[in-house]
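Only the coordinates and a few stated rules stand behind these numbers; no lab work does. If you're wondering where the values come from, they're calculated on a predicted model, not measured in any experiment. Reconstructed Cβ throughout: ideal geometry from the backbone, glycine too, with neighbour counts over all protein chains shown.
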Amino acid sequence: MLNDALPKYFDPRKYASQELTLEGGVPLKNFKELSAILASDEGNVLIHLNFRVDEDRRYIATGSITAQVQVVCQRCMGPVPHDLAVDLSLAFVYDEDHAKNLPEIYDPVVMTDGEVILADMVEQEIILALPIVAYHEESGCNPTAVKYASSTDDAPDDEKPNPFSILAQLKAKKS
């Protein structure tokens, strides 16, 4: 099922039983929680999922999510482009107890009333794949921020001011 207009809800049991493929794009601005984390909500997320029933009668989907997102550089606080490519191996379960019994190769997705909200599932996978800390290359950052950050870290110890030098001056005046 090649589809640019992806469904809001889908029934993994039906998709797996019919061995359907779900493929399409979703604008980043449709993911509210993700947009709050990113530097920009420009761009699209491309989703590709192949559904099937495995040998143990589990409803599974394998595929990928790809996107280019703008994360915040922790050095200059500007936007940094970051390419995301998330490989998925999902098993759809009815509750947390079933999720505990899955093999480690599958990430559990709990179905609510037999359905899954596609946008919520994709958004959580992207959030988990984001880098914890992002930086530009040093040449790509704001030059004053890089100079400030590196000036105190790279200075030799004899050039750094001694924070206790004022105490030494006070002690000298007292004597």
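Taking other C-beta atoms within 10 angstrom as a stand-in for reagent exposure, S165, S35, S17 fall in the order S165, S17, S35, fewest first. In region 35-147, Cα pairs under 8 Å separated by at least six residues give a relative contact order of 23 percent.
Which order do I60, I117 fall in if you start with the one that has the fewest other Cβ atoms within 10 Å? Mind dumping the intermediate values first?
Details: I60 22, I117 13.
With the sparsest Cβ surroundings first, the list reads I117, I60.
Once you reduce region 19-37 and region 96-137 to the center of their Cα atoms, the two points are 13 Å from each other.
Using the Cα centre as the reference, give the magnitude of the dipole from point charges on the C-beta atoms of region 1-105 (Lys, Arg: +1; Asp, Glu: -1; all else neutral), rounded to the nearest 20 debye.
Values: 10 positive and 16 negative charges, 50 e Å.
With Lys and Arg at +1 and Asp and Glu at -1, about 240 debye.
The angle between the Cα long axis of helix 118-129 and the longest principal axis of the Cα atoms of the chain comes to about 40 degrees, rounded to the nearest 10.
Counting pairwise Cα distances across the chain, what percent come out greater than 21 angstrom?
61
Counting only alpha carbon atoms, the long axis of helix 165-174 and the longest principal axis of the chain meet at about 30°. GNM on the chain, alpha-carbon springs under 10 angstrom: the most fluctuating residue among D56, D87, D97 is D56.
Placing +1 on the Cβ of each Lys and Arg and -1 on the Cβ of each Asp and Glu in the chain, which of S35, V72, L22 has its Cα farthest towards the positive end of the resulting dipole? Sorting the options by dipole projection puts first V72.
Helix-derived [θ] at 222 nm for the chain: sum -39500 (n - 2.57) over DSSP H runs of at least 4, divide by residue count, nearest 500? Working shown, then result.
Numbers: 6 runs with 51 residues, N = 175.
One gets -8000 deg cm²/dmol as the mean residue ellipticity at 222 nm.
Taking the Cα centre of region 9-174 as origin, work out the dipole magnitude from +1 charges on Lys and Arg Cβ and -1 charges on Asp and Glu Cβ, in debye rounded to 20.
960
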